[in-house]
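Here is the structure we will look at.
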Amino acid sequence: MISYSDGKEDLENWIVSELGFHPDTLGKSEAIMCLGNGYMGLRSATEEPYMKETRNLFVNGTFNKAQVNEVTELPNLADVTKIDIRIDGERFSLEFGEKKDYIRQINLKTAELTRIFEWTSPKGKKLSFEFKRFVSLHNLHLIGMKMTVKSLSDPVQISFDSGINAQMSNSGAQHFLEGDRRIVDKKIIQLVQTTNESKVDVVINTTHKIMINGEEIVKDPEMNMARRKVWLTYDFSLQPNDILEMEKLTTVYTSRDKEYKNSDYQIHTLQESSLKDLQDCLEKGYDLLFQSSKKEWKNKVWNAYNFEIKSEDSFDQIALRFSLYHLTIMTPAHDERMGIAAKALSGEGYKGHSFWDTELFILPFFIFSNPEVAKSLLTYRYHGLEGARKKAVENGYLGAMFPWEAAWPTDGEVTPKLGDIDIITGEQTKIWSGFIEQHISADITFAVYQYYSVTGDIEFMDDYGYEIIFDTASFWASRLEWNDEKQEFHINNVIGPDEYKEHVNDNAFTNYMAYFNMKLAIRYYEKLKKENSVVLKNLTEQLNLDESYKLWQLKAEKTFLPMPREKDLVIPQDDTYLQLKEIDISKYKNQEKVRTIYRDFNPAQINTFQVTKQADTLLLFYLLQQTFLQDDNRISETVKQANFNYYEPKTLHDSSLSLATHSILANDIGDMDLAYSLFKKSCEVDLGQMMNTSDDGIHAAAIGGIWKGAVFGFAGIRLRDGLLSIRPKLPKHWHHMKFTIHWRAQPVTFFLTSSTLSVKVENKGKVAFEMYGKTYECNDFIEIKLDSME
Ligand code: BGC
């Protein structure tokens, strides 16, 4: 069971606990209590091994192809967390003997993982154990572990094996060559391995410090080496009440690290410098190193984002903190050549690949809260233009066709070709997304537009943004298919966000977003013509813009955009959806696990039902109402309401991305109860009580959705065609909400209750915003009464 109320006093609503040890559902806490810092992610497997454990250590950007016929993925690095413990020769395991008061916790405030319990061995030896662990936010290469064991009853002999185990794989797939191992001065272990295809070197160093009753014990351990494994065996006698403390410090470095980007790289320099770093860490010790990391969390995360929810249900506050915690540890803020993985760095699911999840579901948090990081993530997409152009050429198009799944920026498309079992044919289903789920190019353009509108970062646009927007517009212009009879352009044979509908024509989301992409390119081209001829000239030479501009103009105007139906204003999700059979989906709507519909039907059958996997047409309203298309009648408030009423009951939210969008829209249309219940479900995707939801890793986009649901939904913050707009609607049981966002380089703090909104511009710059048709300007502090505003 997961508990949310164990934090007391200054830790109130900061602690997520697992009560009791459950060997069958280890994946849950391993993933939701994952540690990391964006450079690396360490899944929180227990020290002692269990059958159903998954040990993962990923370093962002180290992609490799295990076999020629496989797609590239983040390799699971050698493990340093396993410690094999024996008490008087009996192996320590919670599956034997008796355990008492078992509790495992992640402290979101300090990012430290702890595990405490008492254990009586089968032979009756009683001991207390405490394990602590952190991945430093201060030194991105550092993992700290600490084990404290106390003998409570008898004199005991405790021995343990601890070292580096490179017998790891990604579900069996092996990414590394054997590698080199060495033990320096009987103290520091070093492992050097190289990925078999991408040739990324990984250097891991680890060392131990042992204390008994506070005094360091200097005793040579037994040194061991086996295939892909190197470890030390320690052995100590403990009298009753003796306390043994073992600190294990590890550093992880790779040849992908940014400092080697342009410099001459030598493996031995990396070996030596990483060793030196570990030696320096060893002098400081766990506690001091942890304090530095904790301080970084305080300054860089909690003080910077300043998020507070006072709710009658404290789960809401902890969910927000959980979201900010994971958003921090999943994001490679240190390197603009890297993206965010769909399962973050907390599991093997989706192979460490980045999807549209980043741009539409995670990036908004960074755009509004930490624009520097948002810029880095968009720069990753800029670097991806090479792969996107390659994909366009391979598919017979022009411009930039972004991959559905992305890894190293230049890799291009990396979506696997085969997926789960087809319950009818018994074969693996073909994954079509890499071929025909194409909306991602427009999603990335939307993200650039949102970033620029919120930050005003013209330099980014000149260097990267315009190029992305122009080249994706050119992709769409070449992608459109002319229908001579109708005298308009169509987009046939795609998958929209609703992946339960494959090979559809004119998916409304795709067509409107392609239209938006081309219209935006036209606007920016015209803007540059007036304002920056130098940038325009450079881009024109590179991308043949004069010709492209004419094409965008011609084609955008003639792109078929499905209209709201006359009888009920519903926009057809695609050209057949509204004619498909309607089935009773209540069984699947109430499911405890997602995608249970696959137990009854195969993809071909689901293709014939009016069942939607996730927010599709509805997402259009949420996105386009933020843009210069906001006044288009086809996406008006009335049409939005009609479409929400039609599609929400048909949407299974079988992708965790979906809930937050529907929650925000439910808020917009005034269905507050539904908005809150969808928000809550979105918080529960990982943090809730279902014990198997996160086995493959946490759901990064759903976690971004928690922040979005609170800020865009309940606080009603929204970009509207270049303006900041606010429509607050706090849930009934929320007393207040406080957070800081960045608007045009100004940090602005909002404090909201059901009756008042206060806005504080932190640096006394000028910030303008709109609320219910009235414009406000603020350069210090303003308080607005909300009663009767609507
Ligand atoms: C969803 C996609 C999403 C992917 C990765 C799929 O199940 O349908 O929209 O991008 O998961 O999270």
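The values are calculated or read from the model by the stated rules, or taken from the named source; none is laboratory data. In this text the structure is predicted, and so the values were computed from the model without any measurement. Reconstructed Cβ throughout: ideal geometry from the backbone, glycine too, with neighbour counts over all protein chains shown. What goes into the accessible areas is simple: the full protein's heavy atoms, side chains included, and nothing from ligands, DNA or RNA. Shrake-Rupley method; radii C 1.70, N 1.55, O 1.52, S 1.80 Å.
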>> Heavy atoms of the protein only, probe of 1.4 Å, neighbouring chains included. What is the accessible area of Asp695 in Å², nearest 10?
In response: 60
> So, in Å, what gap is there between the alpha-carbon centers of segment 689-741 and segment 242-266?
Replying inline: 35
> Once phi is turned into ³J(HN,Hα) by the Karplus curve 6.51 cos²θ - 1.76 cosθ + 1.60 with θ = phi - 60°, what whole-Hz value does each residue of segment 543-554 show in order, with x for glycine and proline?
Replying inline: 10, 6, 5, 4, 5, 4, 4, 5, 5, 4, 4, 5
> Which whole-Hz couplings ³J(HN,Hα) result when phi for each residue of segment 292-306 is put into the Karplus expression 6.51 cos²θ - 1.76 cosθ + 1.60, θ = phi - 60°, listed in order with x for Gly and Pro?
Replying inline: 5, 5, 4, 5, 5, 4, 5, 6, 7, 10, 5, 6, 5, 8, 6
> With θ set to phi - 60° and the Karplus curve 6.51 cos²θ - 1.76 cosθ + 1.60, what are the ³J(HN,Hα) couplings of segment 198-207 in order, to the nearest whole Hz, using x for Gly and Pro?
Replying inline: 7, 6, 8, 7, 10, 10, 10, 10, 9, 8
> Applying 1/(1 + (r/R0)^6) with R0 = 51 Å to the Cβ-Cβ distance of Asp24 and Val534, what FRET efficiency is obtained, to the nearest 0.05?
Replying inline: 0.20
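On full extension of the chain, what length is gained from Lys199 through Gln266, given 0.36 nm per residue of separation minus the C-alpha to C-alpha distance?
Here the answer is 22.8 nm.
Need one word for the chain: rounded, prolate or oblate. Basis is the Cα gyration tensor (sqrt eigenvalues a ≥ b ≥ c); a/c below 1.5 gives rounded, then a/b vs b/c decides.
On the way: a/c = 1.75, a/b = 1.59, b/c = 1.10.
It is prolate, given that a/c is not under 1.5 and a/b is the larger ratio.
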>> Can you order the peptides 615-628, 194-207 by their average number of other Cβ atoms within 10 Å per residue, highest first?
In response: 615-628, 194-207
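Normalised by the residues of the chain, what does the relative contact order come to in percent, with Cα pairs under 8 Å and at least six apart? Please report the intermediate quantities before stating the final value.
Values: 1713 pairs, mean separation 87.2, N = 790.
Relative contact order, the chain: 11 percent.
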> With every protein chain kept in the model, how would you rank Asp257, Asp88 by accessible area, 1.4 Å probe, largest at the top?
Replying inline: Asp88, Asp257
> Asn303 versus Thr596, label points 7 Å from Cα toward the beta carbon: distance in nm?
Replying inline: 4.8
> Tell me, how many Å apart are the Cα centres for segment 290-365 and for segment 486-553?
Replying inline: 32
> Which residues' amide hydrogens lie under 5 Å from the amide hydrogen of Arg565, considering only partners 5 or more residues apart or on another chain, with H built in the peptide plane?
Replying inline: Val570, Ile571
> Going 7 Å from the Cα of Asp584 toward and past its Cβ, which residues in segment 593-609 have a backbone nitrogen under 17 Å from where you end up?
Replying inline: 597, 600-601
> What are the residues whose amide H is under 5 Å from the amide H of Thr559, where those residues sit 5 or more places off or on another chain and H is modelled from the backbone?
Replying inline: Phe489
> Roughly how many nanometres apart are two label points built 7 Å out from the Cα toward the Cβ at Glu637 and Asp568?
Replying inline: 2.3
> Once amide H atoms are placed 1.01 Å from N in the peptide plane, what residues at a sequence separation of 5 or more from Ala66, or on another chain, have their amide H within under 5 Å of its amide H?
Replying inline: Glu73
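Over segment 313-734, what is the mean sequence separation of C-alpha contacts under 8 Å (at least six apart), divided by residue count, expressed as relative contact order in percent?
Values: 731 pairs, mean separation 71.3, N = 422.
That works out to 17 percent.
Can you give the extra length, in nm with one decimal, that the chain gains between Glu215 and Glu90 once fully stretched, where that is 0.36 nm per residue apart less the Cα-Cα distance? If you can, show how the numbers build up before the last one.
Details: separation 125, 0.36 × 125 = 45.00 nm, distance 2.61 nm.
Full extension from Glu215 to Glu90 adds 42.4 nm.
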> What is segment 201-273's relative contact order, in percent, from Cα pairs under 8 angstrom and six or more apart in sequence?
Replying inline: 42
> Just how much of Ser153 is accessible, in Å², when a 1.4 Å probe is used and the result is rounded to the nearest 10?
Replying inline: 50
